[in-house]
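Worksheet for the structure shown next.
Derivation of every value follows stated rules applied to the coordinates shown; laboratory data play no part. Computed from a predicted structure; not experimentally measured. Ideal geometry is used to build each Cβ from the backbone, glycine not excepted, and the neighbour counts take in all protein chains shown.
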Amino acid sequence: MKDFIEEHKDLISQIAHSYNVNASIHPEDHIFQFIVTNPVFPSKKEAIDYYFKEGQNSAQILLNLITSLYPPTGNPIKLLEFASGYGCVTRHLLNLQANLSITACDIHEEAISFIENKLNNSSILSHPEPEQLKLDSSTYDIVFCLSFFSHMPDTTWFRWLQTLYNAVSPGGLFIFTTHGYQSKKYFGFPNLNEKGYWFLSSSEQFDLDVNQYGQTIVSPSYVCDKIKLLPHNPIIKKYTEGFWWEHQDLWVIEKEVK
């Protein structure tokens with residue numbers, strides 16, 4: 001991928017400039033690699049453009065959600081973008097946002113270094129074990145997780161939900177997506193178990209253990225049962241089936257004000 005990026009650096013720079021964002025691409029960016037090697041695109045130019053366009057779309061969707069669901073306070077909104085990868089969405093948040101203080105968090109050390117050194121944004125290294133992730137409790141107005149719980153096994157699913165929800169400040173929002181019923185068509189319409197859960201040990205991220213990061217489908221009842229276990233009277237502010245990319249379900253949870 002390093003050779004591809006070097007070979008197409010002028011094209012990448014040109015397209016990034018059209019979106020008014022940083023053109024730096026890390027060779028280990030699995031989202032970029034997945035897109036530019038996907039045969040569905042007629043040309044590499046269209047594939048590269050899709051990478052930036054989808055990043056911008058996701059950033060704008062998040063900002064729209066924040067605008068509609070989180071009342072402005074006058075102070076910068078503290079946002080944790082968890083599982084941020086190599087900045088596919090982050091670079092657009094930095095460009096589009098007007099009043100966000102963004103912290104990125106990812107499991108890959110190189111991703112964290114990239115976001116800090118290339119995108120000039122603060123970041124935190126994640127950990128395979130949720131309880132080992134050092135996040136200050138009740139710190140962030142918004143915690144955002146795009147396509148993370150859609151990969152977590154049952155053994156860590158709730159533990160991650162609990163860890164990230166704990167980082168939300170009172171009155172703040174926890175925004176995340178899951179593979180739901182609309183996602184089943186991409187996996188051969190599997191049957192969920194009695195808890196409303198299905199897991200496949202397979203991933204496009206080749207450097208991660210597929211038993212810890214695979215493909216997960218959960219029913220709304222599975223998610224609701226987990227939310228009920230959270231403290232501070234969580235309120236489901238918004239649930240929309242197939243909201244993101246027309247198949248991932250959107251969940252927005254508010255933590256009660258103390």
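Computed FRET efficiency, Cβ-Cβ of Lys195 and Asn95, R0 51 Å: what is it to the nearest 0.05? Before the final figure, lay out each step's value.
Details: r = 41 Å, r/R0 = 0.80.
So, using R0 = 51 Å, E works out to roughly 0.80.
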query: When the Cα centres of the stretch 1-55 and the stretch 139-198 are compared, how far apart do they sit, in Å?
result: 28
Inter-label distance for Trp245 and Phe187, nm, one decimal - labels placed 7 Å from Cα along Cα-to-Cβ: 1.3
statement: Taking a crude spin-label model, label points 7 Å out from Cα along the C-beta direction, the Leu125 to Val257 distance in nm is 3.9
statement: Summing -39500 (n - 2.57) over every DSSP H run of at least 4 in the chain, dividing by its residue total and rounding to the nearest 500, the 222 nm mean residue ellipticity is -10000 deg cm²/dmol
message: Rg over Rh of the stretch 54-254, using C-alpha atoms and the Kirkwood radius, what does it come to?
response: 0.94
- prompt: So which lysines can Lys9 reach, going by Cα to Cα under 26 Å and dropping same-chain residues fewer than 8 places off?
  reply: Lys44, Lys45, Lys53, Lys118
- line: Simple spin-label estimate for Lys44/Glu6, 7 Å along Cα→Cβ, in nm, reads 1.3
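Can you tell me the length gained on complete extension of the stretch Glu116 to Leu229, counting 0.36 nm per residue apart and subtracting the Cα distance? Spell out each step's value before the answer.
Details: separation 113, 0.36 × 113 = 40.68 nm, distance 3.51 nm.
Extra length available between Glu116 and Leu229 comes to 37.2 nm.
Which order, highest average first, do 11-22, 33-44 follow once you tally other Cβ atoms within 10 Å for each residue and take the mean per peptide?
In descending order of packing, they fall as 11-22, 33-44.
With a sphere of radius 12 Å drawn around the Cβ of Ile12, what net charge do the other residues whose Cβ falls strictly inside it have (Lys, Arg +1; Asp, Glu -1)?
Cβ neighbours under 12 Å give a net charge of -2.
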